[in-house]
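Written below as structure tokens is the structure these notes are about.
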Amino acid sequence: MDLEIANPFLREHSHGVLMTIKRDGRPQASNISYTYDHGVARISVTDTRAKTKNLRRDARASLHITSKDFWRFVVAEGTAELSRVTTTPGDAAGRELLEVYNAISPVAHPDPNEFFAAMVADQRLVIRLSVQRSTVSSPVSPPGGHLPANHLTDTSRIAISRVQRGTPVQQRSDLFTNVTELFQPGVNLVPLSPQERGRVFARSFSSIADRQDARDLSQPESGPLGG
């Protein structure tokens, strides 16, 4: 799956489940906090934890992140690198641990020296998970309900932005299919009227086609946008 869709989701969250591989091949699941930037998720862990031992043996790992409403998720898969265990207050590992802490916490740690000492006592280090591929859930609504009217999924935003960036004419039909699928009445992504769906679609095409082309594509209410 295109990381262009997963990256914003990963950056917007800071809690998830890290999946590592046990010696017998079964998954080890651990609730963790993380910070994500430039394709790398960083996690503070102790050297004695099962997940750390698993990654020393097999560096493959997955990070499962859910939306706040639970109905969307991203699974980021990659290879983990482990920093050195911090052994001296203020060493390179300790400073990276402080970076991770401050990136996750809403408030920076008030006493770095105290923090460095605590990290040494805990035998902490940093997992750096380089994300190589991702799986993004199909957008769904909660059982028996609709998503909010102003709720556009990450997938729809990406599809529309790709159209707006300017796409060769020969690719318009593919983009027409991709974008209109996001607004099918039965999909339950965005509960808009046919007229509203048509306006959204026409706006998304305005930068790659002249106004008449956009009107022609969004005109029939019996087509992909209608019903």
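Here, each number is a calculation from the coordinates, and none is a lab measurement. Bear in mind that the values here come from a model prediction, so they are computed numbers and not experimental data. Positions of Cβ are backbone-derived with ideal geometry, glycine not excepted, and every protein chain shown enters the neighbour counts.
List of remarks:
- As a proxy for reagent exposure, ranking SER130, SER105, SER83 by other Cβ atoms within 10 Å from fewest up yields SER105, SER130, SER83.
- Computed FRET value (nearest 0.05) for ALA29 with ASP91, which takes r as the C-beta separation and R₀ as 30 Å: 0.45
- Karplus-derived HN-Hα couplings along segment 6-15 (A = 6.51, B = -1.76, C = 1.60, θ = phi - 60°), whole Hz, x at Gly and Pro: 6, 4, x, 5, 5, 6, 6, 10, 9, 10
- Taking 0.36 nm per residue of separation and subtracting the Cα-Cα distance, full extension of the segment from ASP122 to THR135 would add 1.3 nm.
- Taking the fewest neighbouring Cβ atoms within 10 Å as the starting point, the ordered list for SER44, SER67 is SER67, SER44.
- Whole-Hz ³J(HN,Hα) from phi, Karplus 6.51 cos²θ - 1.76 cosθ + 1.60, for segment 76-85, glycine and proline x: 9, 10, x, 10, 9, 10, 9, 6, 5, 6
- Partners of LYS22 within straight-line reach, counting lysines whose Cα lies under 18 Å from its Cα and excluding those fewer than 8 residues away in the same chain: LYS51, LYS53.
- Of the chymotrypsin sites (Phe, Trp or Tyr not before Pro) in segment 18-86, the ones in a loop by DSSP (not H, G, I, E or B) with at most 10 other beta carbons within 10 Å are PHE70.
- Residue exposure sequence - THR46, THR88 - by fewest surrounding Cβ within 10 Å: THR88, THR46
- In nm, spacing of pseudo-spin labels at ARG11 and VAL107 (7 Å Cα→C-beta vector): 2.7
- A cut-off of 5 Å between modelled amide H atoms, ignoring neighbours fewer than 5 places along the same chain, links THR35 with ARG42.
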